[in-house]
Amino acid sequence: MSATRAILFDFNGTLSDDEPLLLRIYQRLFARHGRPLAEEQYFDRLAGLSEEAIVGTWLGVDGPLLDSLVAERIETYASEAADGATVTEPVRAAVRYAATRVPVAIVSGAFRAEIEPVVAAAGIAGEVTAIVAADDVERGKPHPEPYLTALERLGIDPGEAVALEDTDAGIASAKSAGLRCLAVRGTLPDERLRAADELVDRIDTDLVRRLVG
């Protein structure tokens, strides 16, 4: 195994402990449009997919209406997560430690307008070398394009990078791009995460130290 030369974090549910917040936002949005969403339906069918896929699949919309609903969801998230509290102190410490040793990137199906304010409020914007968001790719997770784009920007080979993910769609994206992938427990049951190289209970400095020394 090659030495780890970069760590790539998924955002929603991994770097940002925000899946419960996302669920509440989707539930309010979808209820207003006549198709209520139960918690088990979100985690069974939608968690980890791109924004367009989640909204478009559940409400059966596309075109300008889909764009409008996605924009509304982004604005709501940006407002409710603006204080950065969804990035816990152990995760902030892990990112800071990693950044002293290797480049750190965020690879996400979320949009840049959601990611950047949270990362800034959490005080770790300076530690992040690159962000690949939904704005940057044509095909989101589980397609490998997000991770391949990040590797290109970092100038890193797939075998030199480790991805941290919390969903099966994210794991599939990372693995199909050739990365080693660790799955963080919490969003989905373990059986949905088995394609990962390893399952971990949390992100903290001890984990990152094990990966990068």
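The values are calculated or read from the model by the stated rules, or taken from the named source; none is laboratory data. Worth saying up front: this structure is predicted, and the values here are computed from it rather than measured. Methodologically, a virtual Cβ is constructed for each residue, glycine included, from the backbone with ideal geometry; neighbour enumeration extends over all protein chains shown. With ligands, DNA and RNA removed, areas are computed over all heavy atoms of the protein, side chains included. Shrake-Rupley method; radii C 1.70, N 1.55, O 1.52, S 1.80 Å.
See the values below:
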| item | result |
| --- | --- |
| The stretch 99-213, accessible surface, carbon-and-sulfur percent (1.4 angstrom probe) | 46 percent |
| Gyration tensor (Cα) of the stretch 130-186, equivalent ellipsoid semi-axes in angstrom | 16, 14, 9 |
| Cα-based convex hull volume of the stretch 111-160 per residue, rounded to whole Å³ | 86 Å³ |
| Probe 1.4 Å, all protein chains present, accessible-area order of PHE9, PHE111, largest first | PHE111, PHE9 |
| Label-point separation, ASP204 to ARG28 (7 Å along Cα→Cβ), nm | 3.3 nm |
| Full-extension gain in nm, GLU75 to ASP197, via 0.36 nm per residue minus C-alpha separation | 40.4 nm |
| The stretch 38-88: C-alpha gyration tensor shape, a/c 1.5 cut-off, then a/b vs b/c | oblate |
| Nearest-20 debye value, the stretch 1-65 charge dipole, Cβ charges on Lys, Arg, Asp, Glu | 140 debye |
| Contour excess over end-to-end distance, with Cα ends at ARG185 and LEU66 and 0.36 nm allotted per residue | 39.7 nm |
| For the chain, with +1 on Lys and Arg beta carbons and -1 on Asp and Glu, the positive-most of VAL132, VAL184, LEU69 along the dipole | VAL184 |
| Relative contact order of the stretch 18-173, defined on C-alpha pairs under 8 angstrom at six or more residues apart (%) | 21 percent |
| Solvent-accessible area per residue, Å², over the chain with all protein chains present [probe radius 1.4 Å] | 42 Å² |
| Value of [θ]222 nm, deg cm²/dmol, for the chain, DSSP H segments ≥ 4, -39500 (n - 2.57) each, nearest 500 | -12500 deg cm²/dmol |
| Simple Cβ-charge dipole of the stretch 1-131, Lys/Arg +1 and Asp/Glu -1, about Cα centre, in debye nearest 20 | 280 debye |
| Two-decimal Rg/Rh across the stretch 1-117, once Rg and the Kirkwood Rh are taken from alpha-carbon atoms | 1.03 |
| Cα centre as origin, Lys/Arg/Asp/Glu Cβ charges: the stretch 89-143 dipole, Debye | 220 debye |
| Spatial separation of Cα centroids for the stretch 106-141 and the stretch 24-45, in angstrom | 24 Å |
| Computed over the stretch 33-190, the ratio Rg/Rh where both radii use C-alpha atoms and Rh is Kirkwood | 0.96 |
